[in-house]
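Input: a single structure, listed below in C-alpha cells.
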Amino acid sequence: MAQKDTLLHLFAGGCSGTVGAIVTCPLEVLKTRLQSSGLALRPIYQVQLSGTGTGVIRPGTVTPGLLQVLRYGHFGNPAGESWRSILEKEGPRSLFRGLGPNLVGVAPSRAIYFAAYSKSKELFNGLFVPNSGLVHMSSAGAAAFVTNSLMNPIWMVKTRMQLEKKARGEKKMNALQCARYVYKTEGVRGFYRGLTASYAGISETMICFLIYETLKKHLAKSQFVSPSGETERGASDFLSLMMAAAFSKGCASCIAYPHEVIRTRLREEGSKYKYFFQTGRLIAVEEGYAAFYRGLIPQLIRQIPNTAIVLSTYELIVYLLGDAK
C-alpha cells in the first residue's frame with residue numbers, strides 16, 4: 001500500500017477513533033469493572049424442594065446488569081460498581097481512566113488494521129473466489145491478528161488503569177507509571193497478558209466483517225448508476241453503511257463476547273487466572289455461564305456507534321479518493 005494511503009488510513013481511523021474513545025470512555029470503564037472478578041455479586045436465596053418435599057433454602061448469587069445500575073445507581077451492596085459509586089468514591093476523573101493509552105493506541109491500531117485488511121484482501125482474492133465470504137473472513141482475521149499482536153501492551157496498560165480503585169483525592173498512576181509498574185512486577189511478559197483471549201476474539205472481527213461485507217454487497221445493488229457507468233453514492237448510502245456496520249458489530253459482539261470477560265480477568269493483577277481455558281472453567285464453575293456476558297450492554301452501547309463511525313468514515317474517504325474496490 002502506498003505511503004499516502006497509509007497516512008490516509010491513519011488520519012481517518014485516528015480522528016473517528018479518538019472521538020469515539022473520548023465519548024464512550026465512561027462506558028468502557030464501567031464495562032471493564034463489570035467484567036472483573038472484583039465485582040461483588042448480590043446474594044440471593046433459592047428455595048429448593050428436598051426428596052421429602054421440604055423446602056431447603058440454598059444461598060446463591062446473581063450478577064447485576066446495567067439496567068440496575070441506571071435505575072438504582074448501585075448493585076445492592078457496598079462494593080458494587082456503578083457510575084454513581086465511582087463518582088462518589090473516586091471522583092469524575094475516574095470515569096476516564098485509561099483514556100490516555102486509548103488515545104495513544106487508537107490511531108495506530110486503526111491504521112494498522114485497515115492497512116493489513118486491505119493488503120490481506122488483495123492476497124486472498126488471488127487465492128480464493130474474489131470478494132467471497134471466505135476472503136472477507138480471512139482478511140479480517142489476518143488484520144486482527146497483526147493488530148492484536150502489536151497493540152496488546154497498550155490495551156493491557158489501559159485495562160490495568162481502569163481496574164485501579166482509589167478513593168477520591170488519592171493519587172492514581174498515569175499511563176507511564178502503570179507501564180513501569182507492570183514491567184517491574186511482571187516483566188515484558190506482563191504486557192502480553194490476555195493476548196490469547198484477544199486471539200480468540202479474532203472470531204468476533206471475522207464474523208463482523210463477513211456480515212458487513214455481505215450487507216455492503218446487497219446495498220451496492222441498489223445504488224444509483226450514472227450514464228457513464230460509475231456508481232454514485234449519496235448521504236443515504238453512507239447512512240446505510242453505518243447501519244450495516246452497527247448491525248454487524250452488534251451480532252458479532254453478542255456471539256463472541258465471552259472472550260472479553262476472560263481477557264479482562266487475565267489482565268487483573270495478582271489474580272488466580274493464568275490461562276485462557278483455565279480462566280473459562282473457573283468462571284463457569286464459580287459464577288455460572290451468565291458471568292461470561294457481564295458488561296455486555298455497556299459494551300454494545302459503546303462499540304456499535306463507534307464501529308459504525310469508523311467503518312463508514314473509512315468507506316467515505318476511500319470512495320472520495322477513488323480507491324474503492
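Read-outs: derived from the displayed coordinates by stated rules, not from any lab. Being a predicted model, the structure only gives us computed values, none of them experimental. Cβ: placed from backbone, ideal geometry, glycine included. Neighbour counts: every protein chain shown.
Quick rundown of the values:
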quantity: Förster radius 25 Å - calculated FRET efficiency between S149 and K119, Cβ distance, rounded to 0.05; calculated: 0.95
quantity: Local net charge near T24, Cβ-Cβ under 10 Å (Lys/Arg +1, Asp/Glu -1); calculated: +1
quantity: Projected label distance in nm at L87 and Q278, using a 7 Å step from Cα toward the beta-carbon; calculated: 4.1 nm
quantity: Tail beyond 11 Å, pair distance distribution of segment 179-222 (Cα, percent); calculated: 71 percent
quantity: Straight-distance crosslink candidates among lysines, where the alpha carbon sits under 29 Å from K31 and sequence neighbours closer than 8 are dropped; calculated: K89, K158, K165, K166, K171, K172, K184, K249, K272, K274
quantity: Cα convex hull of segment 116-221 - mean projected area over all directions, nm²; calculated: 9.3 nm²
quantity: Cα radius of gyration and Dmax for segment 101-176 (Å); calculated: 17.7, 59
quantity: Charge dipole magnitude, Cβ of K and R +1, D and E -1 - segment 83-222, Cα centre, debye nearest 20; calculated: 540 debye
quantity: Normalised alpha carbon radius of gyration of segment 125-165 [divisor 2.2 N^0.38 Å]; calculated: 1.78
quantity: Histogram of C-alpha separations across segment 241-291, 10 Å bin width, %; calculated: 23, 42, 21, 12, 1
